[in-house]
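To start, the structure under review is shown below, and the notes come after it.
The values are calculated or read from the model by the stated rules, or taken from the named source; none is laboratory data. Predicted, not measured: the structure shown is a model, and the values here were computed from it. Note that we place each Cβ from the backbone using ideal geometry, even for glycine, and neighbour counts take in every protein chain shown.
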Amino acid sequence: MRNKTFVTVVLLFVLLLSPLKLHADNNLLVQGLEAYRQQDWSTALFFLRKASTLPENLNAETWYVLIMSEIFAGDYESVETDGAYFMKTFPTSSYMANVEYQMARAWFNTGEYQKAIDSFGAFCVKYSDSSLMASALFWMAESLYQTYNYEQAAPIFERIVTDYPSSPKVVEAAFRLDLLGQREREEKLLYLLRVTGEEYLAAKEDYEKLIKQYQSEEAVTLRKSIRELSSRVEELETQLDDEKKKNAQLSSRILDMTAQYEQLQTVAEESARAAEQSALAAEQAQAQVQAANAATAQANAEAAAANAQAAAANAAADAAIKAAETRPLIIYQNLPSEPATQTQPQQTQPQQQTPAVQEPAQTQPEPAQTTQPTPAVQEPTPAVQQPEPVVQQPAPVAQQEPEPGVQQPEPAQPEQVPQEDEELKKLKEKAQRLQDILNARGSSGSGK
């Protein structure tokens with residue numbers, strides 16, 4: 001990764017500072033650099049190799065990019081050839097350290113470990129301050145490890161861990177140290193087994209069995225962990241599906257409740273309008289009831305006046321009946337054919353009037369004279385006018401049907417019109433009684 005970053009910077013430097021002319025030959029270099037930037041190594045090699053044959057591209061930058069492309073493409077034999085050409089043609093180039101490092105890597109990757117050991121050793125001596133120092137030490141120790149020089153490789157790995165703790169090769173170096181320690185223990189064990197002969201073979205078999213058992217146990221543990229994790233994943237997926245179903249149900253319920261709310265809101269608005277109409281109708285009915293009460297009160301006042309008149313007429317009828325019952329019966333006598341010789345003028349007394357009855361005039365005879373005829377007394381018939389109470393009934397008020405669910409106000413009750421007064425009844429009875437007395441008197445006088 002560090003090498004790729006470095007080469008990318010080199011590419012930018014080449015593109016910005018190199019005076020490139022836009023003709024067909026330089027287009028090969030541009031296309032090669034673009035393919036390198038896109039990590040298309042085979043295409044980059046194709047264009048860069050063609051571009052390197054041109055005189056104008058004979059520079060350290062072009063050849064360095066070509067060598068890096070061959071490294072990434074795995075063409076290690078070309079790295080060795082082109083690296084040697086680079087070191088011979090550009091001995092003073094700033095890319096010399098990187099080219100030598102990449103050539104040593106190529107020898108390691110092709111299995112030429114001794115050349116790699118020598119090249120990395122020379123690099124570490126020549127470029128001790130290079131940023132690739134830790135990597136060079138690691139690949140040199142790795143080359144020693146591959147050639148079974150464990151005692152020489154171990155100190156180099158320890159140096160990487162101690163002197164370059166921030167290097168990315170520290171983890172791999174520590175791992176190699178663990179392997180070297182295990183291998184050392186294995187070698188000691190094998191040595192003891194060789195000494196003991198048969199015991200050695202048995203111990204070796206047991207050791208191999210233990211290794212296989214350990215590996216199998218690890219595999220079983222891993223498989224068990226994988227099964228548990230797979231089961232857990234299935235449970236989580238099931239829970240996720242359940243939650244999605246619940247979410248869908250809740251969404252449906254929300255939609256239903258929203259629709260119900262809108263319906264209830266509509267019903268509430270209609271109920272409010274109906275309540276307003278009912279209140280207006282109740283006010284109108286109240287006004288009509290008040291008007292009916294006013295008419296009833298007027299009718300009651302008229303009835304009270306009629307009752308007062310009836311009471312006065314009743315009192316007059318009582319007086320007339322009393323006068324008729326206490327007056328003496330007048331007997332009409334036959335007058336003589338010849339009038340008396342001396343007759344003194346009769347003095348009449350003024351009649352006494354009673355309410356509705358006219359009293360007859362009475363004569364007082366002289367002591368020495370004959371009886372004088374008494375004029376007929378006219379029985380007055382009291383004309384008693386019986387006033388009828390006029391009761392004006394209120395007009396019926398149209399009742400409106402109450403709206404369902406709306407509380408109606410209590411209608412005002414109209415005042416009751418009083419029934420016919422007892423005085424009128426008494427007055428009628430007394431008038432009838434007086435009429436009967438007068439009729440009896442009239443029939444009695446005409447008979448005598």
- Checked region 157-182 for anything within 12 Å of residue 137 (Cα to Cα) and of a type in the set (Gly, Ala, Ser); matches are 167, 173
- Give the residues of region 177-207 that are acidic (Asp, Glu) and modelled with pLDDT of 85 or more, sorted by residue number. 178
- Task: Check region 59-67 and report whether any residue there is under 26 Å from residue 160 (Cβ atoms), part of a helix (DSSP H, G or I), more than 60 Å from the chain's Cα centre (by Cα) and modelled with pLDDT under 90.
- Result: yes
- Collect the residues in region 73-111 that are aromatic (Phe, Trp, Tyr), more than 21 Å from residue 146 (Cα to Cα) and crowded, with 16+ Cβ neighbours inside 10 Å, keeping them in residue-number order. 86, 90, 95
